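As structure tokens, the structure follows; a few thoughts come after it.
The values are calculated or read from the model by the stated rules, or taken from the named source; none is laboratory data. Only a predicted model underlies this, so the values are computations on that prediction, with no experimental measurement involved. Please note: Cβ atoms are built from the backbone with ideal geometry, for glycine as well, and neighbour counts cover all protein chains shown. For the accessible areas, the whole protein counts, side chains as well, though only heavy atoms, and no ligand, DNA or RNA atoms are used. Shrake-Rupley method; radii C 1.70, N 1.55, O 1.52, S 1.80 Å.
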Amino acid sequence: MRRVADRVSRIKGSGIREFFDIAQRMDAVISLGVGEPDFVTPWSIREACIFALEKGYTSYTSNWGLLELREAISDNMYRETGVYYDPEDEILITTGVSEALDLALRAILDPGDEVILHEPSYVSYKPCTIFTGARPVCVATDVKDDFKLCADALRERLTENTKALVLNYPNNPTGAIMGRNDLEAIADIVNERDLLVISDEIYGELTYDGKHTPFSALDGMKERTILLNGFSKAYAMTGWRIGYAMGPKDLIGAMMKIHQYVMLCAPITAQMAALEALRARTEMEQMIEEYNRRRRVMLRGLKEIGLDCFEPKGAFYAFPSITNTGLSSEEFARQLLMRERVVVIPGSVFGACGEGFIRCAYAVSQYELKEAIERMGRFLAGL
Ligand code: PLP
């Protein structure tokens, strides 16, 4: 008897975790590996959670999530972008973007459907697509195009089975962003070919060159887009497991159907903390300013040690090229860890076109960042 389902056994464990696990067994390691803020969740948010517990908020909430939180998310979205979502039936609170992504894929895909993923991309998209029985179809993005998804490249991979496109800008792992004009070229194709879009905008608040444009803000796209966002990155709340999906009523309703049977609801304490996060945004803005300072330290440092790096304009990742070292990205990351105790992630983990690059998260203090760059410089000099 085959005890594990074929589509599960075919999938490898996450390449990010592998490096993280090795590093945990070593001393004096500086990790630019995991995409997680080094900040503790701001105090006012933690206090809101403590207060909720003191008041005895320990029950389930509505499957949709607390109405008050959905209203705050709707208000915030409208204020920041002018796009309105009805808190009653167009917003679903989830346990992180991770759950929202899984629900969105399962709600819209049937076996045999094709889903376009641009690469290099976040490690969950491909496996989660495969778990649904649908087929991921990858479109490479190129540093020459600032890692933007090009309309022509997208067009080439469409077939009559293409059902949806997963977009992720600001992007993990490259830090690339796409402006309104870039997105409009994609929206034209989405319209023309009657596609749906899952737009993972978890780094939407983390931009350093103008404001992020949500895909659903483009003409005609609100009806076609499931927008995912959450609190993990911008509010330093990774451990709270809280996120949300916004979209047209029929699609959010379908996601809700799955969510109510597999999750019931997101934790009430995390929902109450998220409500406070939306009220007190000053600390979030301060964290973003600090990421921007670190981004500059990172870029300057990489240049000084001789690694070419595309300028990331969002998220908290730099994605320098390491082709001039003659090493594969996997060898580079492994040797750097063993010799200098710095964790970076091989670009190949994020798709074949990530080969020749490494991902360095600059969500560590400037002190650690400078030390990591110094060690990387020493490593390069010794090659
Ligand atoms: N989407 C992207 C692009 C990410 O980088 C991550 C985490 O690294 C997630 C989703 C997961 O987010 P959450 O913590 O909300 O589940």
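For the stretch 359-374, which positions are open to solvent by less than 10 Å² (accessible area, probe 1.4 Å) and not in a helix (DSSP H, G or I)? Give the steps one after another, and end with the answer.
So the first thing to find is which residues in the stretch 359-374 are open to solvent by less than 10 Å² (accessible area, probe 1.4 Å), and the list is 359-363, 369, 372.
Correct list: 359, 360, 361, 362, 363.
State yes or no: is residue 117 in contact with a Phe, Trp or Tyr (Cβ under 6 Å, 6 or more places away or on another chain) and within 16 Å of the ligand (Cβ to nearest atom)? Full working, then the answer.
Details: in contact with a Phe, Trp or Tyr (Cβ under 6 Å, 6 or more places away or on another chain): yes; within 16 Å of the ligand (Cβ to nearest atom): yes.
So residue 117 passes the test.
Out of the residues in the stretch 191-216 that are away from the ligand (no atom under 16 Å from the Cβ) and among the acidic types (Asp, Glu), state the one that is least open to solvent (accessible area, probe 1.4 Å). Before the answer, list the steps.
Filtering the stretch 191-216 for residues away from the ligand (no atom under 16 Å from the Cβ) gives 191-196, 208-211, 213, 216.
Now drop any that are not among the acidic types (Asp, Glu), which leaves 192, 194, 209.
Numbers: 192: 115, 194: 108, 209: 89 Å².
Per the criteria, the residue is 209.
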Look at residue 115 and say whether it is over 20 Å from residue 231 (Cα atoms) and open to solvent by less than 50 Å² (accessible area, probe 1.4 Å). yes
Could you check, for the stretch 118-134, whether at least one of its residues is surrounded by 22 or more Cβ atoms within 10 Å (Cβ to Cβ), more than 20 Å from residue 34 (Cα to Cα), touching a Ser or Thr at 6+ places or on another chain (Cβ under 7 Å) and modelled with pLDDT of 95 or more? yes
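Would you confirm whether or not the stretch 224-232 contains a residue that is more than 14 Å from the ligand (Cβ to nearest atom) and either of a type outside the set (Gly, Ala, Ser) or farther than 22 Å from residue 207 by Cβ (or both)?
yes
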Among the residues of the stretch 143-152, are any part of a strand (DSSP E or B) and under 23 Å from residue 98 (Cβ atoms)? no
Just one listed residue, out of 251, 275, 228, is open to solvent by less than 30 Å² (accessible area, probe 1.4 Å), part of a helix (DSSP H, G or I), assigned by TED's automatic domain parsing to the domain that holds residue 182 and touching a strand residue (DSSP E or B) at 6+ places or on another chain (Cβ under 9 Å), and it is 251
How many residues are hydrophobic (A, V, I, L, M, F, W, C) and open to solvent by 40 Å² or more (accessible area, probe 1.4 Å) when one looks only at the stretch 30-48? 3
Identify all residues within the stretch 128-139 that are part of a strand (DSSP E or B), out of contact with any His (no Cβ under 8 Å at 6 or more places or on another chain) and of a type outside the set (Lys, Arg); write none if there are none. 136, 137
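Which one of these is in a helix (DSSP H, G or I) and within 16 Å of the ligand (Cβ to nearest atom): 69, 92? Spell out the reasoning first.
Details: 92 fails: in a helix (DSSP H, G or I).
Answer to the selection: 69.
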Between 182, 145, 219, 188, which is open to solvent by 10 Å² or more (accessible area, probe 1.4 Å) and without any contact (Cβ under 8 Å) to a residue 24 or more places away in the chain? 145
For residue 231: the one exception among (1) without any contact (Cβ under 8 Å) to a residue 24 or more places away in the chain; (2) closer than 17 Å to residue 71 by Cβ: (1)
Checking residue 306 against (1) open to solvent by less than 30 Å² (accessible area, probe 1.4 Å); (2) farther than 30 Å from residue 75 by Cα; (3) among the small types (Gly, Ala, Ser), the condition it does not meet: (1)
Looking at (1) surrounded by 16 or more Cβ atoms within 10 Å (Cβ to Cβ); (2) touching a Leu at 6+ places or on another chain (Cβ under 9 Å); (3) of a type in the set (D, E, K, R), which is the one condition that is false for residue 75? (1)
Failed condition for residue 19, given (1) open to solvent by less than 70 Å² (accessible area, probe 1.4 Å); (2) assigned to a loop (DSSP other than H, G, I, E, B); (3) farther than 30 Å from residue 112 by Cα: (2)
